[in-house]
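Presented below is the structure to which this report refers.
The values are calculated or read from the model by the stated rules, or taken from the named source; none is laboratory data. All values reported here derive from a predicted model rather than from experimental measurement. In this analysis, Cβ positions are derived from the backbone assuming ideal geometry, glycine residues included, and neighbour counts consider all displayed protein chains.
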């Protein structure tokens, strides 16, 4: 027994020693924390292997598990940092803690591509000390492009539209009327109860429920507050106690008591929510597209007649909607190199390699001739067989591997110098042509070439968006924000689930509780909006 | 002044009297002592040295700066804590859920141990025991999803069964009723830990002198009487000691379970100290505040343990210290 154990130990030692030697000769490893909940990297993918071969860089990734805010708090407290990290809108906390290195000189000396492609945004990225600490996940170096799906909307199941004769949905009442009628006619789908409406309320994702009043008033996604143009100046206003909020929650309350809103909608976690949406039993939900995309992709693959179609729903028809995003980059967050990184030059060189056009085409489009073709005008396109491959989200992620290099890593958006979109499903000439048959049917019925055509073009807002502003950690505004979210968390379910006759009472309590919890935040946001209007 | 030399003499006398047996016992038990050294070192390193970090509670700690360059704020963090209305809610929830778990957890474990002990068929006994403690090894992340699914209004087993039995007409959204949350936590705790908790009592029961049972049988005691007069009194010391030990965990118990089962609707009843420290401390980078809450918990826990221990002493029961 003893001898065997010793032998085994020796064997393990030799193996690790040799593998360490081999990797030291051939590749360089960087550790990186990515604030996105992706499954672990499969180890080898088509895109990943090419990148590894060309750069000699191996990434040791840690993806987010659980709650980002907690993770960030613990990382800063412990001081245990990876070489590089992204932390969404908590990135600046690492800067405040002195844990990020300035990138200005590194980019100047070692990263010509980053310098060139971020040139347009560079001034926005400078912090008070004049340094740049992170590269935003997206850069728009040339022109902007369009997409098939809008950023957000009231989504409705295709079969509801089809049965109602393809109505254009404009108001909240109309939206719920359609759903209600359908539920009455078809109380069961495939033997299971039809679910009229689901709203997502899982921890930090609950904005999918609480953000809605601003959109009903026609605003794009600003976050918790909305800068309203008053006499030529953007003034930060709250909408949580607005009339729109009351109408919205009252409507949900009415629908809840009628059994249209799913009974357990407020206790669902995100996985359960996606599972419900992709079951084909759900008729409607409000959300930002990226939060329902997973379900939509599953439906497109397995159950294309039950896909969700977005509409820009507003309170009533007197309101003009500008719900789409003004193209922007998230200037207050991005990928950073930490003080723990032993080879910042190597790291920035790797990022420089990642961001250049050739690599971007590789991670988004794939290998020429294999994953996409080029026509005689220089435009990229995919054949039917290639398209079919890319419609399978599992294949794209686990075999192709592109998402592991553009999710949470700096990437390019918009169109390149040859008129190709960096993202295949935004390729200008192909948005309609590459759509699924089921999507085409809807587009044809409405006479549009993309679902974004249901929406108005956004109006310019130079500061856009408000939500990328972070309130200082631990400040009164920050405490107020947490308290406000507590109130929202406690009261929104109460308002929706109370008996109809009690709604008024619960609403009044809610207004009383939340009204005192917004002033400090408004002050901080107003200051930052003013600053952006002046300096951007 | 005149009395001083006398006391001095008395003291030295005392010491010399005590010294001999002490060194003798030390020599006698040197192997035992040697064996305990690693544990003492472990406790010092991981339990005593970190107490040094308590100074954070009196500062406005910011990670960038060294521990001596921080701004000292005195008792500000504690003042903030005691003025926060959420704090009292949290205190209530923590105590309520801990006590529910403690009481029902112990009672059910003891009952299960007694029942399993009375089973004659060895195969059945072993199987029942294994099945009952299996849930202990599932992490709460998985277990919480099981509980969620079981309590779902959309085909969850609990609602289905109740409806089939015509006890309720409409499915009940158990996880959405604030007043029920404590009991769901209690019940799921019992489900997960009952078998595991029973092991220690079973061990205690196994060490009961069989002669006692024989004597009781001869005296005409039935099964229940034997349990009541022999088994229970024999494991009473273990019960008391476990109770005293668990008192120390009253304020620190619960995190994953509440964190994973909570939702906005029940937050007022679900937030316990650990979650409070996270939400209002670590997540906001208010490390000092989180430390202050931690100190409060430690001090109260200490009082509770000593209180329970003292009570046990008063009642003439087995004690921990």
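What to note about this one:
- Selection from region A:346-386 of residues that are exposed (fewer than 13 other Cβ atoms within 10 Å of the Cβ) and outside any loop (DSSP other than H, G, I, E, B): A:358, A:368, A:384, A:385
For (1) surrounded by fewer than 20 Cβ atoms within 10 Å (Cβ to Cβ); (2) at pLDDT 90 or above; (3) within 14 Å of chain A (Cβ to nearest Cβ); (4) part of a helix (DSSP H, G or I), each residue gets a yes or a no:
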site: B:221; (1), (2), (3), (4): yes, no, no, no
site: B:237; (1), (2), (3), (4): yes, no, no, yes
site: B:243; (1), (2), (3), (4): yes, no, no, yes
site: B:265; (1), (2), (3), (4): no, no, yes, yes
site: B:305; (1), (2), (3), (4): yes, no, no, yes
site: B:311; (1), (2), (3), (4): yes, no, no, yes
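- Filter result for residue A:375 (over 26 Å from residue A:87 (Cβ atoms) and out of contact with any helix residue (DSSP H, G or I) (no Cβ under 9 Å at 6 or more places or on another chain)): yes
- Taken together, the criteria exclude residue B:119 from residues that are away from chain A (no Cβ under 14 Å), more than 18 Å from residue B:202 (Cβ to Cβ) and without any contact (Cβ under 8 Å) to a residue 40 or more places away in the chain.
Residue-wise test of (1) in contact with a strand residue (DSSP E or B) (Cβ under 9 Å, 6 or more places away or on another chain); (2) surrounded by 15 or more Cβ atoms within 10 Å (Cβ to Cβ); (3) within 13 Å of chain B (Cβ to nearest Cβ); (4) at pLDDT 95 or above.
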site: A:187; (1), (2), (3), (4): yes, no, no, no
site: A:192; (1), (2), (3), (4): no, no, yes, no
site: A:204; (1), (2), (3), (4): no, no, yes, no
site: A:226; (1), (2), (3), (4): yes, yes, no, yes
site: A:235; (1), (2), (3), (4): yes, no, no, yes
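- For the residues A:218, A:259, the requirement of being under 30 Å from residue A:182 (Cα atoms), assigned to a loop (DSSP other than H, G, I, E, B) and touching a strand residue (DSSP E or B) at 6+ places or on another chain (Cβ under 7 Å) singles out A:218.
- Scanning region B:275-289 for residues that are more than 7 Å from every other protein chain (Cβ to nearest Cβ), under 22 Å from residue B:257 (Cα atoms) and assigned to a helix (DSSP H, G or I) gives B:275, B:276, B:277.
- Segments classed as helices (runs of 4 or more DSSP H), wholly inside region A:144-212, with at least 2 members that are in the same structural domain as residue A:274 (by TED's automatic domain parsing) and under 16 Å from the mean Cα position of the chain (by Cα): A:207-210
Yes/no per residue for (1) surrounded by fewer than 19 Cβ atoms within 10 Å (Cβ to Cβ); (2) in contact with a strand residue (DSSP E or B) (Cβ under 8 Å, 6 or more places away or on another chain); (3) in the same structural domain as residue A:291 (by TED's automatic domain parsing); (4) assigned to a loop (DSSP other than H, G, I, E, B):
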| site | (1), (2), (3), (4) |
| --- | --- |
| A:40 | yes, yes, no, yes |
| A:44 | yes, no, no, yes |
| A:59 | no, yes, no, no |
| A:69 | no, no, no, no |
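- Within region B:246-257, one or more residues are in a helix (DSSP H, G or I), at pLDDT below 90 and away from every other protein chain (no Cβ under 14 Å).
- Unmet requirement for residue B:292, which otherwise passes all of (1) away from every other protein chain (no Cβ under 14 Å); (2) over 14 Å from the mean Cα position of the chain (by Cα): (1)
- Residues located in region A:442-484, provided they are more than 14 Å from chain B (Cβ to nearest Cβ), assigned to a helix (DSSP H, G or I) and free of Cβ contacts under 8 Å to residues at least 24 places away in the same chain: A:443, A:444, A:453
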